[in-house]
Amino acid sequence: MKFLFTVHQFFPEFSAGTEVLTLSVARQLRSLGHEVRILTGHPSLLPLSAPDCFDSYCFDGLPVYRFHHSYTPTPTEPSSVALGYDNLAAADYFDHILSDYSPDVVHFFHLNRLGTQLIERAVQAGIPAFMSPTDFWLVCTTATLMLDNGRTCSGPSAHAGNCVKHFAATAKAGRGSLAGKIISILPIAWLDTMAHMTERNQLPTYPRSLEVGAMAQRLGTNVRRLNTLTKIVVPTEVMRSALERSGVAPERIAKLAYGVAGIARFPRDYLADPGRALNIGFIGSMIKHKGVHILLDAFRQIPAGQARLTVYGDPQDSPDYSAPLIHSAKSLPGVEFKGTFPNAEISSVLADFDVLVVPSLWHENTPLVVHSALAAGCPVVASDVPGIAELIEHRRNGLLFTPGAAQALAAHLRELIGQRNTLQALSDQCQPVQTMADYVDAMLSHWTAAPHLAAAA
């Protein structure tokens, strides 16, 4: 079979969980004799026009099509918000790939920078189309369902009035402006009415009205397209709930936990040298909602010499966030920022950790690194958010704490320092997780169940 995958960004420049999942599934399919190509978005600092915004390359033997995306409006696409979910240039490029490659199956791992219009194009071409959403981007422009004050958000209001308020508070053009200040004090119901009237062209044009209209249309457009997919395969109940709450038909959704590839489980003896420093690790994106600053605050509450902390992540993910953290950590003995590592080395990285900390501040769908840690027998101390709590059972295979509670995290880490038998018990109960081979076998049952593929089989 011939597969076409899409993802919002890809190797070699990007190597977070979604990219790793996409690559791992592609490799497993290839090992089974299938052909896989990948279409990826790519952030561009400068606006590019066709044909300069398209190129292609190979990674690990996989052909990769690339669309260089900037959020710069154009005469034909005047809204930067719409460019994220309804990009005509990307959709036309996708049509070209479908015609040239003729895949049997299209599977969308992410559609940011490419847009959900690609779903329409696949369905119109009569190609079975599937999706595995790895975050909440389909329902939330920030992909996190999280407000700037750290509180979680249930999703767009009736006509995305709450999203308009959030947009006005965060967009450079809105901060400090009179319009931004007015929007900040208006009730959500009023903003819903304004957004709905803007969407229907019932108001005169006003500053940023195109963005307000695009935001009002975003969720409805995405959900309408999602409901034409053959199947949406989600890893967690929190993702299922978010999609169904937004209007996705329950019968379109199937649940399947992620699989992991290439994770070795080394023997762990935490009792052999109970006096040595505890090796604490973090692997993830260096962005605020991943909570590295919470982990550093907790580490400051541990007596010097009792623990070491190794942080793996790219400081360029968010330089304004990571640079002050790295600078402040220079005064903390035992802290090391090591940047990124090739994904093939994750087993050896996890083998060096006594415990992995996942201090996320957002809902999380399900971090792939948690699956990897469990497969490696590495206990996890993590924020008690739904997407993680489906994997980590408190005091069985890890410990959970209230998101953002650095003191509670520090208390857990001090407990593990002083009670290595607890750490050993947690490791022993890290049950093997689904392999990537098992995951792909289960996905193949979904893919081949599509009517004309089932008939061909």
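The values are calculated or read from the model by the stated rules, or taken from the named source; none is laboratory data. Here the structure is a predicted model, which means the values were calculated and not measured. In this analysis, Cβ positions are derived from the backbone assuming ideal geometry, glycine residues included, and neighbour counts consider all displayed protein chains. Side chains included, ligands, DNA and RNA excluded: accessible areas come from the protein's heavy atoms. Shrake-Rupley method; radii C 1.70, N 1.55, O 1.52, S 1.80 Å.
The charge dipole of the range 31-131, taken about its Cα centre with unit charges on the Cβ atoms of Lys, Arg (+1), Asp and Glu (-1) only, comes to about 180 debye. For the range 70-93 and the range 7-63, compute the distance between their C-alpha centroids and round to whole Å. About 20 Å separates the Cα centre of the range 70-93 from the one of the range 7-63.
For the chain, the relative contact order comes to 13 percent (Cα pairs under 8 Å, sequence separation of at least 6). For the range 383-427, the square roots a ≥ b ≥ c of the C-alpha gyration tensor eigenvalues yield an a/c of 1.5 or more together with a/b not exceeding b/c, which makes the shape oblate. Counting only protein heavy atoms and a 1.4 Å probe, tell me what percentage of the range 290-446's accessible area is made up of carbon and sulfur. Summing carbon and sulfur atoms, their accessible area is 50 percent of the total for the range 290-446.
Nearest 10 degrees, 0 to 90: what angle lies between the long axis of helix 319-329 and the longest principal axis of the chain (Cα atoms)? Here the helix axis deviates by roughly 10 degrees. For the chain, the solvent-accessible area with a 1.4 angstrom probe is 42 square angstrom per residue.
Taking Cα atoms of the range 337-457, Rg/Rh with Kirkwood Rh, to two decimals?
1.09
Please report the net charge: other residues with Cβ closer than 14 Å to the Cβ of F5, K and R +1, D and E -1. Charge balance in the 14 Å sphere: +1. Between the range 330-401 and the range 403-457, the alpha-carbon centres lie 11 Å apart. Shown are T448, T402, whose ranking by accessible area with a 1.4 Å probe and every protein chain present, most to least, is T402, T448.
Summing charges over all other residues whose Cβ lies under 11 Å from the Cβ of V106, with Lys and Arg as +1 and Asp and Glu as -1, gives +2. For the chain, what does the alpha-carbon gyration tensor say about shape, rounded, prolate or oblate, given a ≥ b ≥ c as the root eigenvalues, a/c under 1.5 as rounded, and a/b over b/c as prolate? Oblate. Distance from the C-alpha centroid of the range 104-146 to that of the range 238-260: 13 Å, rounded to the whole angstrom. For the residue pairs K288/K330; K2/K231; K231/K290; K165/K288; K165/K255; K255/K338, alpha carbon separations beyond 24 Å are given by K231/K290; K165/K255; K255/K338.
With 5 Å bins beginning at zero, the pair-distance distribution over Cα atoms of the range 1-69 amounts to 4, 17, 29, 23, 15, 8, 3, 1 %.
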